[in-house]
Amino acid sequence: MKNNIKKISSILLLSFIFILNSCDKEDNLKITSPDAEFKIVDPEINSVFLNFGLPQNPAFTVVWEDDLTASSNYIVEMSLDVDFTDVITLGSTTAKEFTISVEDLNQAIRDAGVGTFRDISIYLRVNTGSVLSNSVIYFVTTYPTDPPVITNPANGAAFLLSIGNSGNTALTVNWTDVVLNSDLDVDVAYTIEAAMGGSNFASPVSMGSVTNLATFSVTHADLNAVALGIGLSPGVAGNVDLRIKARNTNQSGDVLTRTTLTRTISVTPYNVSFPNLYFVGSATSPGWNNNSNNTPVFRNQNVPNNYVYTGYFSSGAFKLLETKGQWQPQWGTNDGSTLAVNPGGGSDPGTFNVATPGYYTYSFTTVGQGGSFTVTPYTGSATNYTSMGIIGSATPNGWGGDTNLTQDVNNPHLWYALGVTMTTGNEFLFRGNGDWGLTWKYTGSQQLYGTSILNSGSNFPFNAPSGNYDIWFNDLDGSYILLPQ
């Protein structure tokens with residue numbers, strides 16, 4: 001008991017002494033503040049994936065504290081190394097935070113000298129003009145902006161095509177692309193396009209496509225089809241513009257397209273014939289019957305492998321056949337933009353699909369076992385005629401009366417007559433409503449197809465062999481075609 005009293009007394013004595021000492025030193029006690037700082041606080045380190053599909057989205061936002069300066073303007077700087085050997089200015093702000101878009105950051109990294117498509121480390125700091133903040137690091141996945149570069153053929157190179165070498169290589173196109181040298185798992189599809197020289201690719205034709213390659217070759221036959229398809233004349237040298245479109249797709253389905261500069265070559269094509277094509281499918285009048293008076297596709301009188309049809313399509317699908325009654329050769333599309341064909345013995349291509357019924361203009365340009373096509377809604381004027389006929393010395397009734405055409409059951413502007421006897425060395429016209437004021441006339445075609453003009457021009461000459469012909473006429477655009485039986 002005595003021992004416990006002694007311990008308590010000792011503790012009280014020590015406490016009293018401590019209080020006295022504290023009171024003696026009260027005048028010397030001070031509360032200190034942390035040193036003023038100018039520091040980036042968010043983020044300290046980060047990874048950024050630049051999505052080319054969302055170019056205006058923020059790439060990142062950097063935030064800083066400034067208890068050190070009284071600055072009203074901050075400059076955000078970037079470098080590829082921690083020592084900021086070369087400084088790129090990203091922007092300036094009066095706030096204590098800064099946001100940059102995906103597109104602007106990607107371009108800034110390109111401007112800093114990054115020449116390859118890959119992950120890159122960048123360093124950021126903030127500059128008041130006299131004081132620098134700390135630096136932070138970002139690991140950035142960039143995307144390419146520089147287009148591929150064509151290295152072959154040379155600009156101005158000339159190519160004389162020959163039917164005797166139709167299966168041999170006529171042209172090889174080579175190019176370079178930084179994406180192919182990257183270590184990222186990216187597939188790049190390259191489409192080689194051609195157009196009439198100086199046309200600014202108003203009506204390009206696809207020569208073909210490759211994936212993850214930097215070379216493409218085309219035969220004499222296919223390059224000849226390309227040259228004719230863009231409007232060059234057989235036996236006459238003409239300029240062809242070439243370009244390459246590089247496309248890569250991200251996981252969201254966004255497509256990044258980069259296009260090369262134009263390379264111009266000279267091509268002399270040779271004369272060759274192309275088959276007629278016929279519609280088959282639920283979107284067209286014959287349905288899926290391949291031998292039911294299938295509607296032919298009208299043809300461009302100046303471009304032998306360009307097929308153009310303006311008319312009514314039901315909702316559904318269709319394909320193109322080269323021979324009525326046979327399913328091959330069969331033309332279609334597998335990607336919705338280029339042509340594909342099963343010439344026989346292979347796999348049939350996919351269908352052309354019509355989601356909404358209506359009047360459309362389809363243009364198909366065949367190149368070898370491929371090619372391209374376009375489709376646009378028809379917005380032109382339309383007159384409904386009660387009858388349509390063919391009249392003239394080349395026709396069965398001569399100039400004395402019309403040989404009547406039949407109106408298509410689904411398209412009131414499409415007319416046909418089967419097995420009409422035509423006599424060579426004579427003339428004819430198309431006539432609406434039996435009225436001489438509604439006649440479609442000749443525009444210079446050297447083929448049994450072309451485009452006529454209402455109430456202008458001269459009579460059609462018929463210089464083909466005498467015989468029976470199936471005759472088709474479209475009053476929407478004056479297209480016509482005569483098919484020998």
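Taking Asp83, Asp104 and ordering them by how much accessible surface each has at a 1.4 Å probe, largest first, produces Asp83, Asp104.
In the range 191-219, which residues have a backbone nitrogen under 19 Å from the label point lying 7 Å from Thr262's Cα in the Cα-to-Cβ direction? Within reach of a label on Thr262, which here means backbone N under 19 Å from a point 7 Å along Cα→Cβ, the range 191-219 contributes 191-208. Take the Cα radius of gyration of the chain and divide it by 2.2 N^0.38 Å, N being the number of residues; the result is 1.63. Its relative contact order, with pairs defined as Cα atoms under 8 Å and 6+ residues apart, puts the range 172-246 at 40 percent.
In this simple spin-label approximation, Ser458 and Ile88 carry label points 7 Å from Cα along the Cα→Cβ vector, and these lie 6.6 nm apart.
With a 1.4 Å probe rolled over the protein heavy atoms of all chains, the accessible area of Met388, Met196 falls in the order Met196, Met388, largest first. Placing a label point 7 Å from the Cα of Asn239 along the Cα-to-Cβ line, the residues of the range 266-310 whose backbone N sits under 14 Å from it are 266-267. As a length-normalised measure over Cα pairs under 8 Å and 6 or more apart, the relative contact order of the chain settles at 9 percent.
Compared with the dominant Cα axis of the chain, that is its longest principal axis, helix 220-229 is turned about 90°.
Using a cut-off of under 18 Å, list every residue of the range 453-485 whose amide N is near the label point 7 Å from the Cα of Asn397 along the Cα-to-beta-carbon line. Flagged as within label range: 460, 469-473. What figure, in Å² to the nearest 10, do you get for the accessible area of Glu103 with a 1.4 Å probe and non-protein molecules left out? Looks like 80 Å² after rounding. Highest-first packing order for the peptide set 152-159, 288-295, 472-479 is 472-479, 288-295, 152-159, based on the mean count of other beta carbon atoms within 10 Å. Among the protein heavy atoms, those of Leu80 account for about 60 Å² of accessible surface (1.4 Å probe, every chain in place).
Estimated at 0.36 nm per residue, the fully extended path between Tyr359 and Ser203 surpasses their Cα-Cα distance by 54.0 nm.
Note on the range 95-219: with charges restricted to the Cβ of Lys and Arg (+1) and Asp and Glu (-1), its dipole about the Cα centre is near 200 debye. DSSP bridge analysis restricted to the chain gives an antiparallel fraction near 95%, rounded to the nearest 5. Within the range 407-484, the ratio Rg/Rh, alpha carbon atoms throughout and Rh by Kirkwood, equals 0.94. With everything on Cα atoms, drop me the angle between helix 2-24 and the longest principal axis of the chain, reported from 0 to 90° to the nearest 10. Roughly 70 degrees, rounded to the nearest 10. Each residue was assigned an accessible area with a 1.4 Å probe, and for Asp86 the value is about 110 Å².
The values are calculated or read from the model by the stated rules, or taken from the named source; none is laboratory data. Note that the structure is predicted; figures quoted are calculated from it, not measured. Virtual Cβ from ideal backbone geometry, glycine too; neighbours counted across all protein chains shown. When the accessible area is computed, the model is the full protein with side chains, heavy atoms only, and any ligands, DNA or RNA have been set aside. Shrake-Rupley method; radii C 1.70, N 1.55, O 1.52, S 1.80 Å.
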